[in-house]
């Protein structure tokens, strides 16, 4: 039976829903070849077979994972070779795949692209070798035929330690075009041709300046997701793909992995802004916070009129507040509720979009200004290009909400805005951008509000989540029992 034929249920390889998980990485020669589309198609097709799929995304990207979660019905996780150690990546993989059949990992950029041109550091290839996962290469075949075999041959032989096992061609003109590609591959390499996806505008996800439209904006209707699954079943050999996958249980146990989760005893209530405007979070940050004792209480700055009751702290992640600036500005009750909390000393941590929301105003590129919370004495101006983009190392220069002076953590900077009209605030970070090498003060603090453009991964600095929760508890103690905590009531709450 050839690829493109409709497989009968009896012809399919029956894959166990329980038992050791299988996994593979979807990579590409470069960005823009269609890795995300192919990954979504595979996830949808495997789900149609009744398999439980755990999605992952290599690198710091938040957006692709939202689409994966929608298709798989499971929270997507980030793997990262620069922000996280090999053990931390292994822990994330092993901890989240105990009861799934297949793990699908989408790589970032080109397969060998990382933080520099001299090594594999931070690349998809590094993750593949750390986790002992085989690589499926996605090749954009829209303007190529036999030359695709030369490209694949180069990627297969570039690093003999990497296990590149299969190829899926994207944007193929049809069965005749695929036969040319398949024949070239089988006569020139030993990499398995696994099938293709055709050129089809109905399965393209629209993009904007920070990447794809988010899953919350519903850029792919159910009909498109169904079509992705059908194309995956009809044009990709899923049986061979599953045969190429590697067993996760063969992975060496991470030295830092927990033998069993810590008891989740909630000691603080942490309000987390989560809606279409604020959706950029590392899910493992939440797991770390829960293990440290935080109860995560989600709310929407867009839809809710006030904060949830009895919160001990707030966490604002990134997202697209500028796209919803008018709706955010019109929700004056929520703005006032958050400002009162900040002025009352409630600990607040904000990253990127969260920083923008806590500012006095967001000014669009056309000059239109929208009032925001005003907890920070600064404005934010949208820009035409990315500002300070890239992986960033953060050193705490003072004790702060996220930890003590001297602690280092890693994160990512990804924004098209700049700070304007800033009033007096303390800087508690020293950052170093690994793309440019530039160092500068960052991390703005005023009262118990800490805001930064850097999206920190808490697992990059073991104990950060514990420090965050401990500082929240200490702030609550000072507010309720100031003399028992050894401080003056007049002094207020400080870190």
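Every number in this text was worked out from the coordinates using simple rules, so none of it is lab data. Here the structure is a predicted model, which is why all the values come from computation and not from measurement. Backbone-built Cβ (ideal geometry, glycine too); neighbour counts: all protein chains shown.
Taking every DSSP beta bridge that has both residues in the stretch 268-480, what percent is antiparallel when rounded to the nearest 5? Walk me through the numbers before you get to the answer.
On the way: 33 of 53 bridges.
If we restrict to bridges inside the stretch 268-480, about 60 percent are antiparallel.
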Estimated FRET transfer efficiency (residue 306, residue 326; beta-carbon r; R0 25 Å; 0.05): 0.80
Going by C-beta contacts inside 10 Å, put 269, 340 in order with the fewest on the left. 340, 269
Once residue 48 and residue 336 are pulled to full extension, the length gained, defined as 0.36 nm per residue separation minus their Cα-Cα distance, is 99.0 nm
Which residues does a label at residue 266 reach in the stretch 308-348, if reach means a backbone N under 14 Å from a point 7 Å past the Cα toward the Cβ? 308-313
Could you state the angle between the C-alpha long axis of helix 86-96 and the longest principal axis of the C-alpha atoms of the chain, as a value from 0 to 90 degrees rounded to the nearest 10? 80 degrees
Working from Cα positions, state the angle (0 to 90°, nearest 10) between the long axis of helix 464-480 and the longest principal axis of the chain. 30 degrees
Under 20 Å from a point placed 7 Å out from the Cα of residue 118 along the Cα-to-Cβ direction: which residues of the stretch 145-165 have their backbone N that close? 159
If I model a spin label as a point 7 Å beyond the Cα along the Cα-Cβ vector, how far apart are those points for residue 132 and residue 183 in nm? 4.0 nm
Based on alpha-carbon centroids, what's the gap between the stretch 392-451 and the stretch 33-77 in Å, whole number please? 32 Å
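Rank by packing, highest mean first: peptides 387-393, 107-113, with packing defined as the count of other Cβ atoms within 10 Å averaged across residues. Don't skip to the answer; put the middle values down first.
On the way: 387-393: 18.7, 107-113: 21.9.
Ranking the peptides 387-393, 107-113 by packing returns 107-113, 387-393.
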Rounded to 10°, Cα long-axis angle of helix 332-343 versus longest principal axis of the chain: 60 degrees
Per DSSP H run of n ≥ 4, the term is -39500 (n - 2.57); total these for the chain, divide by its residue number, and report the mean residue ellipticity at 222 nm rounded to 500 deg cm²/dmol. -8500 deg cm²/dmol
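Among 174-186, 430-442, how do they line up from the highest to the lowest mean number of other beta-carbon atoms within 10 Å?
Working: 174-186: 16.5, 430-442: 14.4.
Highest to lowest by the protection proxy: 174-186, 430-442.
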Counting other C-beta atoms within 10 Å, which of 237, 421 has the fewest, and how do the rest follow? 421, 237
Ordered by packing density, taken as the mean number of other Cβ atoms within 10 Å over each peptide's residues, highest first, how do 135-148, 394-407, 49-62 rank? 49-62, 135-148, 394-407
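Could you give the length gained by full extension between residue 69 and residue 420, i.e. 0.36 nm per residue of separation minus their alpha carbon distance, to one decimal place? Mind showing how you got there, number by number?
On the way: separation 351, 0.36 × 351 = 126.36 nm, distance 3.64 nm.
Length gained between residue 69 and residue 420: 122.7 nm.
Could you list 96, 470 in order of exposure, starting from the residue whose Cβ has the fewest other Cβ atoms within 10 Å?
On the way: 96 22, 470 16.
Ordered by Cβ neighbours within 10 Å, fewest first: 470, 96.
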